[in-house]
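A short worksheet on the structure shown next.
The values are calculated or read from the model by the stated rules, or taken from the named source; none is laboratory data. For clarity, every value in this text was computed on a predicted model and none was experimentally measured. Ideal geometry is used to build each Cβ from the backbone, glycine not excepted, and the neighbour counts take in all protein chains shown. Surface areas here come from the heavy atoms of the whole protein model, side chains and all, with no ligands, DNA or RNA. Shrake-Rupley method; radii C 1.70, N 1.55, O 1.52, S 1.80 Å.
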Amino acid sequence: MRVFWEKGYEGSTLADLTEAMGINRSSMYATFGDKEALFRLAFARYAEGPAAYAREALKQPTARAVVEALLRGALELLTDPSHPRGCLSVQGALACGSHAEAMKQAMIEWRRQGESEIQKRLQRARREGDLAKDVDPGDLARYISMVLTGLAVQAANRSTKAEMTRVVDTVLRSLPV
């Protein structure tokens, strides 16, 4: 997971991957199939591990608490010095050639699914009277998704935790919830 996170799908060579796992190439193929299958497994581990904050954030009792937990969770993940900079879903397969299109599409779908989950939670907030009727849950979910992606890019660009915290605080002050 760490190799893909640091180098992206295309930048991760079989030598990088086998060295990180302490196995040889034939063992990698026998165990995981191919690089694409290994990437999918690594990404599933990422979603269940470092990125699990997102699933937990959606359980918060109010729309504002959901958004704050998403943004602050991302901030913690993206600035944790024990992790590579940035987000695996953005770093992993954003800039890929045509032979890695399947991985690029998988990451796009994962990000879209995340936005959809935020939208569903905001729609629930609206039904419960926790989100104003004039706020479109889809637009707000897209906004939050774009901010999260922007934070990931800024983390990869070496923005500091203090800088990104100020952005998160500004976003939270501007929310219609």
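A count restricted to segment 69-86 and to residues that are of a type in the set (G, A, S), in a helix (DSSP H, G or I) and open to solvent by 10 Å² or more (accessible area, probe 1.4 Å) stands at 2. Of the residues in segment 16-68, how many are among the small types (G, A, S), in a helix (DSSP H, G or I) and open to solvent by less than 60 Å² (accessible area, probe 1.4 Å)? So the answer is 11.
Restricting attention to segment 92-116 and to residues that are loosely packed, with under 15 Cβ neighbours inside 10 Å and touching a residue at least 24 places away in the same chain (Cβ under 8 Å), the residue that is nearest to A65 (Cα to Cα) turns out to be S116.
Restricting attention to segment 1-53, which residues are aromatic (F, W, Y) and out of contact with any Leu (no Cβ under 7 Å at 6 or more places or on another chain)?
Of all residues in segment 1-53, those aromatic (F, W, Y) come to 4-5, 9, 29, 32, 39, 43, 46, 53.
Matches in segment 1-53: Y9, Y29, F39.
Looking across segment 150-176, just one residue is β-branched (V, I, T), under 17 Å from the mean Cα position of the chain (by Cα) and open to solvent by less than 20 Å² (accessible area, probe 1.4 Å), and that is V168. Evaluating F4 against the criteria (1) aromatic (F, W, Y); (2) open to solvent by 40 Å² or more (accessible area, probe 1.4 Å); (3) touching a residue at least 24 places away in the same chain (Cβ under 8 Å) leaves one unmet condition, (2). Taking the criterion of being more than 12 Å from V177 (Cβ to Cβ), outside any helix (DSSP H, G or I) and in contact with a helix residue (DSSP H, G or I) (Cβ under 6 Å, 6 or more places away or on another chain), the residues of segment 87-146 that qualify are C87, G92, A93, C96. Within segment 117-134, the set of residues being open to solvent by less than 60 Å² (accessible area, probe 1.4 Å), free of Cβ contacts under 8 Å to residues at least 60 places away in the same chain and not polar (S, T, N, Q) comprises L122, A132.
Looking across segment 6-15, the residues that are out of contact with any Lys or Arg (no Cβ under 7 Å at 6 or more places or on another chain) and part of a helix (DSSP H, G or I) come down to E6, K7, G8, Y9, E10, G11, A15.
Yes/no matrix, rows are residues, columns are (1) in contact with a Leu (Cβ under 7 Å, 6 or more places away or on another chain); (2) under 21 Å from A47 (Cβ atoms); (3) at pLDDT 95 or above:
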{"site": "L77", "(1), (2), (3)": "no, yes, yes"}
{"site": "P84", "(1), (2), (3)": "no, yes, no"}
{"site": "R126", "(1), (2), (3)": "no, no, yes"}
{"site": "A156", "(1), (2), (3)": "no, yes, no"}
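Among the numbered conditions (1) surrounded by 17 or more Cβ atoms within 10 Å (Cβ to Cβ); (2) without any contact (Cβ under 8 Å) to a residue 12 or more places away in the chain; (3) among the polar types (S, T, N, Q), tell me where S89 comes up short. Unmet condition: (2).
Only residues that are touching a Gly at 6+ places or on another chain (Cβ under 8 Å) and under 15 Å from M1 (Cα atoms) were counted across segment 90-122, and they come to 5.
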